[in-house]
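See structure below.
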Amino acid sequence: MDWKGLPPLASLRAFEASARRLNHTAAAEELGVTHAAIAQQVRLLEQHLGLKLMTRSGRGMALTQEGAFLADHLTGGFGQIATAVEKLRNEEQDRPLNISMTPSFAVSWFMPRMSSFHASHPDIEVHINPTAKLIDMAADRIDAAIRFCQLPCPGHEAERLVEANFVIAGTPELVGDRQITGPESLLDLPWLQEAETREVERWLIDQGINTPPKGLISEMPGYLMIAALRAGQGIAATTRFFIEDDIRAGRLIVLFEETGEGARSYNLVTLPGAQRPALKTFIRWIRREAGTA
């Protein structure tokens with residue numbers, strides 16, 4: 001079909017409303033425009049087609065044979081469009097919220113608070129996608145992601161959610177009495193890393209070290225990494241608030257800590273554009289929980 005030959009959509013919509021109501025004034029009220037605008041659009045459509053579509057009949061309008069033919073097809077066509085749009089809108093509104101976050105954040109911060117969201121909003125279904133890998137939020141239909149990174153996040157809307165100092169930590173037994181003079185002092189120790197991240201390599205590069213640790217780097221889901229760290233199976237690059245209680249109790253010691261300008265945080269990341277009501281509700285809730293509301 002040659003779509004270029006179609007009349008302007010505004011003219012078709014104005015004519016369809018007028019034909020259905022047989023009154024320019026009623027059509028103008030329906031579409032939220034003026035009587036003059038409707039009359040002009042109908043005239044433009046008649047000029048485009050080279051046909052008379054409507055005639056005046058008393059205080060109203062009457063359709064010509066050609067006008068009745070076009071109006072019937074337009075009403076059916078616009079009706080199909082409205083049905084399709086409403087179906088998509090309802091499906092989108094009813095779709096569960098898809099929230100992506102790292103497994104360690106999910107276990108250590110989010111899950112203990114999730115019951116309060118369900119208690120306040122039992123009608124909103126939330127699906128958690130626990131992964132540390134980079135995702136395409138649009139393609140994967142992710143409504144929001146919580147990511148440990150530095151702001152800004154190009155192409156996305158992002159805001160600081162939870163302050164989180166990045167630390168290198170280990171058990172006193174594993175570290176022993178070695179002298180820690182710099183990151184090089186740790187290269188012969190086993191390292192633990194959350195799967196689907198490159199936190200160890202990135203941190204070492206930031207410290208000016210381009211050679212990998214001599215010890216084994218074991219990758220595992222974040223919650224298992226924290227358990228392995230506490231068990232003394234290696235040192236780990238992690239977030240301080242995940243292990244704050246262990247640090248205070250002396251079960252873990254901080255070997256290095258990232259603070260000040262350039263420090264990372266857990267950020268709430270969304271796509272630009274309009275947000276459905278369920279997502280707005282979730283964002284208000286998580287801001288309150290994080291103390292940023």
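Observations, loosely collected:
- Apportionment of accessible area to carbon and sulfur, the chain, percent (1.4 Å): 52
- Added length on full extension, which subtracts the Cα-Cα distance from 0.36 nm per residue, GLU29 to MET114: 25.9 nm
- Sorted into 5 angstrom bins from 0, the C-alpha pair distances of the chain split as 1, 5, 9, 12, 11, 9, 7, 6, 6, 6, 5, 5, 4, 4, 4, 3, 2, 1, 0, 0, 0 percent.
- Calculated accessible area for the range 190-282 comes out at 49 Å² per residue, all protein chains present (probe 1.4 Å; ligands, DNA, RNA ignored).
- Cα-derived Rg to Rh of the range 2-77, Kirkwood definition: 0.94
- Between PHE15, PHE110, CYS153, the Cα set farthest toward the positive side of the dipole of the range 1-154 (charges on each charged residue's Cβ, about the Cα centre) is that of PHE15.
- Once the Cβ-Cβ distance of ARG20 and GLN275 is raised to the sixth power relative to R0 = 41 Å, the FRET efficiency obtained is 0.75.
- Prolate/oblate/rounded call for the range 115-189, Cα gyration tensor, a/c under 1.5 rounded: prolate
- With a Förster radius of 25 Å applied to the C-beta separation of LYS133 and ARG287, the computed FRET efficiency comes to 0.45.
- Relative to the globular-protein estimate of 2.2 N^0.38 Å, the Cα radius of gyration of the range 1-136 stands at 1.77.
- Inter-part distance where the range 39-91 and the range 1-25 are each reduced to a Cα centre, Å: 4
- Averaging the sequence gap over all C-alpha pairs within less than 8 Å and six or more residues apart, then dividing by the number of residues, gives the range 194-254 a relative contact order of 30 percent.
- When the charge dipole of the chain is built from unit charges on Cβ atoms (+1 for Lys and Arg, -1 for Asp and Glu) and taken about the Cα centre, the candidate among ASN129, ALA139, ILE253 whose Cα reaches farthest toward its positive end is ALA139.
- Principal semi-axes in Å for the range 125-242 [√(5λ), Cα gyration tensor, largest first]: 30, 16, 13
- The alpha-carbon atoms of the range 78-138, seen along their principal axes, cover 51, 31, 8 angstrom, with the largest extent given first.
- Under 12 Å of direct C-alpha separation, and excluding same-chain neighbours fewer than eight residues apart, LYS280 reaches these aspartates and glutamates: ASP143.
- Where the range 69-188 is the region considered: accessible area per residue in Å², 1.4 Å probe: 55
The values are calculated or read from the model by the stated rules, or taken from the named source; none is laboratory data. Predicted, not measured: the structure shown is a model, and the values here were computed from it. Virtual Cβ from ideal backbone geometry, glycine too; neighbours counted across all protein chains shown. In case anyone asks, the SASA skips ligands and DNA or RNA and just uses the protein heavy atoms, side chains included. Shrake-Rupley method; radii C 1.70, N 1.55, O 1.52, S 1.80 Å.
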